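The values are calculated or read from the model by the stated rules, or taken from the named source; none is laboratory data. For clarity, every value in this text was computed on a predicted model and none was experimentally measured. For neighbour counting, all protein chains shown are included, and Cβ atoms are generated from backbone atoms with ideal geometry for every residue, glycine included.
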Amino acid sequence: MRTDPHSNPAAIRAMILAAGRGNRMRPLTDFTPKPLLAVQGQPLMQWPMEALVRGGFTQLVVNTAWLGEQLPAHFADWSSQHPGSAIAWSHEGQDFGYALETAGGIARTLPLLGEVFWVLAGDVFVPGFVFSPEAVARFVTGDALAHLWLVPNPPHNPRGDFGLSADGRALNTTEGERFTYSTIGLYRRALFEAPWCEILPGNPQGTAAPLAPLLRQAMDAGRVTAELYTGPWTDVGTPERLKELG
């Protein structure tokens with residue numbers, strides 16, 4: 001799919017990861033999927049959904065597993081409330097009986113995505129992040145398989161995840177300064193195909209696989225770029241963190 005992100009950002013789809021069990025959030029997640037927990041008056045995952053639409057990225061893809069039927073029910077009126085926007089659903093729990101993790105879930109939705117797409121988690125609160133066509137345009141013209149937004153390390157992840165070179169490459173290293181992956185990134189479809197990924201296209205067999213090994217492999221080849229985001233960011237991983245957000 002060839003797209004001009006300046007003239008048609010709606011052609012760039014966004015995948016929101018929303019299939020996790022949220023064990024650390026129990027008992028809050030025993031009856032409510034974590035992305036639907038309320039933060040400042042609306043579901044946690046609705047914050048990035050609204051931000052994507054403001055940026056012109058109106059075609060959303062959401063995966064589900066735990067209590068997955070609640071999400072499409074909650075957002076049944078989304079398209080009428082946001083004209084031109086639509087949500088496509090990937091029901092991993094319904095199809096396989098379990099969540100496919102990050103890479104497995106993305107691979108499953110490749111038929112719904114294009115050559116370039118956003119990926120973000122539905123349980124991270126980043127109220128000031130701007131999903132911009134300009135960021136997509138820069139990514140499209142480069143050679144990276146992924147572009148990640150990193151954040152300063154929170155108390156619960158003091159050692160960080162990845163390094164960041166002076167020329168904007170993400171580094172698979174245990175040395176030097178490292179930052180935390182915000183869960184927001186731009187990706188090329190190629191990262192989830194051979195030779196980088198062994199999962200069959202569309203993941204018909206239901207392989208559950210994490211994303212980090214794919215990213216580290218691509219980083220070692222110099223194919224992942226990154227930048228630092230310093231605005232408010234919270235991984236809503238515990239009831240205490242949720243309560244702090246109000």
Number of positions in the range 162-192 that are out of contact with any helix residue (DSSP H, G or I) (no Cβ under 8 Å at 6 or more places or on another chain), of a type outside the set (A, V, I, L, M, F, W, C) and part of a loop (DSSP other than H, G, I, E, B): 8
Qualifying residue in the range 223-240 (condition: surrounded by fewer than 16 Cβ atoms within 10 Å (Cβ to Cβ), of a type in the set (D, E, K, R), modelled with pLDDT of 95 or more and over 18 Å from the mean Cα position of the chain (by Cα)): no
Long-range neighbours under 6 Å by Cβ, at least six apart or interchain, first residue part of a loop (DSSP other than H, G, I, E, B) within the range 200-223, second surrounded by fewer than 14 Cβ atoms within 10 Å (Cβ to Cβ) and modelled with pLDDT under 95: GLY202/PRO111
Filtered residue count, the range 137-156, keeping only those that are closer than 21 Å to GLY56 by Cα, over 15 Å from the mean Cα position of the chain (by Cα) and either part of a loop (DSSP other than H, G, I, E, B) or not basic (Lys, Arg) (or both): 4
From the options LEU52, LEU44, LEU28, LEU36, residue that is of a type in the set (A, V, I, L, M, F, W, C), touching a helix residue (DSSP H, G or I) at 6+ places or on another chain (Cβ under 8 Å) and either surrounded by 23 or more Cβ atoms within 10 Å (Cβ to Cβ) or modelled with pLDDT of 95 or more (or both): LEU44
Condition met for ALA194 (loosely packed, with under 14 Cβ neighbours inside 10 Å and hydrophobic (A, V, I, L, M, F, W, C)): yes
Number of the exception - GLN217 against (1) over 27 Å from GLN46 (Cα atoms); (2) at pLDDT below 95; (3) polar (S, T, N, Q): (2)
Some residue of the range 139-147 being buried (at least 21 other Cβ atoms within 10 Å of the Cβ), of a type in the set (Val, Ile, Thr) and either modelled with pLDDT of 95 or more or over 17 Å from PHE192 (Cβ atoms) (or both): no
